[in-house]
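Accompanying notes for the structure given below.
The values are calculated or read from the model by the stated rules, or taken from the named source; none is laboratory data. Since we're looking at a predicted model, the values are computed, not measured. Here the Cβ is made from the backbone with ideal geometry for all residues, glycine too, and neighbour counts use every protein chain on show.
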Amino acid sequence: MDIELSNEDLEFRNEVRAFFEENAYKNGEDFNKWRMDWFAKAREKGGWDVPKWPKEFGGPGWTPTQHYIWEQETATANLPWDLPFGLGMLAPVLMAHGSKEQQDRFLPDIRDRKVNWCQGYSEPGAGSDLAGLKTKAELSADGTHYVVNGTKIWTTMAHIADWIFCLTRTDDSGIKQQGITFLLFPMKQEGIEVKPIITLGGSHSVNTVFLTDVKVPVENRIGEEGQGWTYAKGLLQHERTGLAGISRSLVALEKLKEQAASVPRGNATLMDDPAFRGKIAELEVDLWATEYTELRSLASAAAGAAPGPESSILKLKGTEIQQRIQKLTVEAGGIYSASWGAKPAGPAFAKNGMGGYMSSRAYTIYGGASEVQKDVIAKNVLQIKRSSK
Amino acid sequence: MNFDLSEEQQMLQDSVARFVQDNYELDKRTELVASKQGFSDDNWKTIAELGWLGMPFSEADGGFGGNQVDTMVMMEQMGKGLVCEPFFASIVLGGGALKRAANAEQKAALLPGVIDGSRQLALAYAELQARFDLHDVTTTARAEGDGYVLNGHKSMVLNAATATEIVVSARTSGGQIDESGISLFIVDPKADGVKLENFPTVDGLRASEISFDNVALTANSLLGELDGGFAVLNATANDGILALAAEAVGALEVLYKDTVAYTQEREQFDHPLSDFQVLQHRMVEMFMEYEQCKSLLYRATLESVQGDDATAQRNVHALKHLIGKAGIFIGENAVQLHGGMGMTEELRVGHYFKRLLVIDSQFGNADFHLQKFAA
């Protein structure tokens, strides 16, 4: 057992820090130009614009430790915004199951941040039970295209997306995991209507997407017809490990401590309040443990082993910790957390506290509700067999 | 011993329940919340005509002589619809201070209007540095000539934008956190030097930040004894906590029942969600917490009516702690069990959850009152 970073790792960390510093956004700079330049320069570093892509597709081919260092550094650095859908979710599917033509057609635009993607998975009747999806894709008589009809919901950023990757049903005769087909199509076309959903945080990021007789050429199908579930399952695993956000929580907790120390409480501050301090401490203990759970998971991945049982708890623990940080931020804001919109008084952080907290309630719902995650762990990790009695 | 409502209280409960049913469908509430004022003048008129605004005032003051139990009965029903009209701010808070401390002249000038709804009140007690301490007051009222000059700033004043009078706590002597030396004043929000910044709160109600810049007050603006305002403020805040807790109990009932109903309708994995034992147990816990809140609400309300002050005070601390804690537990789980739908503005649960969060932040949160209870 050894937790020291090697000299190579330390050198890598310095290199990452230096890169972030050199390319930080400077006040007054054109934001879009900076963003595109940043990615171009990251690309010159040897695939730093697509850290998670494998080497053969232009990624940096880092060790898990290097990935971990990158995550840690990105949590404090101010990186240009990026959407995960094309880069982190569709790209791995294309790499594993797409044809050479499809890879050549879609991956470059994803890498260049030219095309925004959204994910057409959940449906009004298929949430936790995603395989129960009903959006129908029928092959045309001449076999050249599918005609898609149905409704997708909770589609993040559908209102700005250029393309969608979409799970559709091509066969409902067998068990529901079969007969699902993975299709790609442009969002700006006839038959697609996007309706915003306003969430409790007061913001608009998710949508309902109505699909009416949308024509999708067969060459936009990934892999085999009816095998979409197999491709999507791997993708969900990707999504789930990415949701733990441990490095970000470590940074957020330090910020919360600073914020609480700025709130007067009698002759001292809220950080001196035993109840609040106790909650922060409890949170920190959990976060320390979760950080090492993630490290253990990374270490076994580094050794080339299958993810150990510990990696299954990362999304559960990670999202719960994020929610607790948001909750304590609301508590720290005291009465000022109740204001909405104009904020004439009170600490600045209270301004978005409640919105952030309300939004965080979705963390234990999306990407597999916590209750469903626990079912999966009971079945796959603990291998509890259900009696059929 | 008996926990039954009297015949009059039963009628009052039915009447408020009917009002909520008729006027507080989610769509209608959403419209009110989005309006400039944030509540309906018509509803306010109806509430006044039904006599509810006079309930907690003595018959000598032109009211119906009700006590905290009557307010509880009304607020619990209002909590089921999250009523936006300022019963709480004007009657429980502003009215609570007036009925305890006003002299005959002040009562005659103000209470008839408060009770018929033509006047509205607000209570300005919170300050930036004070967090939840009512006795931490830096706003000052300096004696000058026959009257006073008011300077300072008050935060998160509910219903100030539509109030005709605002009751303000100010320091007339002593140090910043002394209980003695605080006095209450009746202030005209339109007076020179009073500046309001109005904004909506997370739960859709309205509040204001108010600054006072050399506001001239007459001698008869003083409400109650000079330097003796804290006792009135504290007693009024305790009534406020009881009322908020009653509203919360009404909201909690909606949250757990909506969740039970939704999980029986919503099918996933070829079963209604309610078939899953883990969700059944969660809902049983929500129900248990709701019942416990209701019990403590009865206990604290009855001790406030019948018990000695110290016992009543400790009960109020216990109640506000449990309401805050259980409110968040039930709210979070109601959203969780509704899944993505619980995250939207389209269903009731999110709105009720927000109200519970705001209730926890008012007059001291769960932690604050647990520490007071333990002290």
Wholly inside the range A:120-206, strands (runs of 3 or more DSSP E) that include 2 or more residues that are within 14 Å of chain B (Cβ to nearest Cβ) and touching a Pro at 6+ places or on another chain (Cβ under 7 Å) are A:145-153
Is the range B:313-328 home to any residue that is more than 21 Å from B:GLY240 (Cα to Cα) and modelled with pLDDT of 95 or more? no
- Message: Kindly evaluate B:GLY331 against the criterion of being within 14 Å of another protein chain (Cβ to nearest Cβ) and either assigned to a helix (DSSP H, G or I) or surrounded by fewer than 23 Cβ atoms within 10 Å (Cβ to Cβ) (or both).
- Response: yes
Picking from B:ALA245, B:ALA191, B:ALA163, B:ALA219, the residue that is under 29 Å from B:ALA34 (Cβ atoms), of a type in the set (A, V, I, L, M) and touching a strand residue (DSSP E or B) at 6+ places or on another chain (Cβ under 7 Å) would be B:ALA163
The number of residues in the range A:359-380 that are under 18 Å from B:GLY350 (Cα atoms) and within 7 Å of chain B (Cβ to nearest Cβ) is 5
Over the range B:152-179, the set of residues more than 18 Å from the chain's Cα centre (by Cα), more than 14 Å from every other protein chain (Cβ to nearest Cβ) and over 17 Å from B:ALA97 (Cα atoms) is B:THR172, B:SER173, B:GLY174
B:SER90 meets each of (1) at positive phi; (2) buried (at least 22 other Cβ atoms within 10 Å of the Cβ); (3) small (Gly, Ala, Ser) with one exception, condition (1)
Counting only residues in the range B:266-303 that are crowded, with 16+ Cβ neighbours inside 10 Å and among the basic types (Lys, Arg), the one farthest from the other protein chains (Cβ to nearest Cβ) is identified as B:LYS294
The correct count of residues that are within 7 Å of another protein chain (Cβ to nearest Cβ) and either under 30 Å from A:VAL376 (Cβ atoms) or among the small types (Gly, Ala, Ser) (or both) in the range A:309-343 is 6
Scanning the range B:319-328 for residues that are facing chain A (nearest Cβ under 10 Å) and surrounded by fewer than 23 Cβ atoms within 10 Å (Cβ to Cβ) gives B:ILE328
Subset of the range B:178-188, residues buried (at least 21 other Cβ atoms within 10 Å of the Cβ) and either at positive phi or not small (Gly, Ala, Ser) (or both), comes to B:ILE182, B:LEU184, B:PHE185, B:ILE186, B:VAL187
When the range B:219-262 is checked residue by residue, the ones that are in contact with an Asp or Glu (Cβ under 6 Å, 6 or more places away or on another chain) and buried (at least 18 other Cβ atoms within 10 Å of the Cβ) are B:PHE230, B:ALA246, B:VAL249, B:GLY250
Practice item. Would you check if there is a residue in the range A:272-283 being surrounded by 18 or more Cβ atoms within 10 Å (Cβ to Cβ) and of a type in the set (Phe, Trp, Tyr)? Key: yes
Taking the range B:340-367 and keeping residues within 8 Å of chain A (Cβ to nearest Cβ), buried (at least 19 other Cβ atoms within 10 Å of the Cβ) and not in a loop (DSSP other than H, G, I, E, B) leaves B:GLY340, B:GLY342, B:MET343, B:GLY350, B:PHE353, B:LYS354, B:LEU357, B:VAL358, B:SER361, B:ASP367
Filter the range B:197-206 for residues that are touching a residue at least 12 places away in the same chain (Cβ under 8 Å) and either basic (Lys, Arg) or facing another protein chain (nearest Cβ under 7 Å) (or both); the one that is surrounded by the fewest Cβ atoms within 10 Å (Cβ to Cβ) is B:GLU197
Of all helices (runs of 4 or more DSSP H) fully inside the range B:1-77, the set with 3 or more residues that are surrounded by 20 or more Cβ atoms within 10 Å (Cβ to Cβ) and not hydroxyl-bearing (Ser, Thr, Tyr) is B:7-23
Flagged pairs (Cβ under 6 angstrom, 6 or more apart or on separate chains; first in the range B:68-88, of a type in the set (D, E, K, R); second outside any helix (DSSP H, G or I)) are B:ASP70/B:MET55; B:GLU85/B:PHE39
What do you reckon, is B:VAL316 crowded, with 23+ Cβ neighbours inside 10 Å and either away from chain A (no Cβ under 14 Å) or not aromatic (Phe, Trp, Tyr) (or both)?
yes
In a loop (DSSP other than H, G, I, E, B), of a type in the set (S, T, N, Q) and farther than 27 Å from B:SER40 by Cβ, is that true of B:THR138? yes
Of the candidates B:ILE182, B:ILE186, the one satisfying the condition of being under 19 Å from B:PHE88 (Cα atoms) and modelled with pLDDT of 95 or more is B:ILE186
Of those in the range A:344-358 that are hydrophobic (A, V, I, L, M, F, W, C) and over 20 Å from A:ALA261 (Cβ atoms), the residue surrounded by the fewest Cβ atoms within 10 Å (Cβ to Cβ) is A:MET358
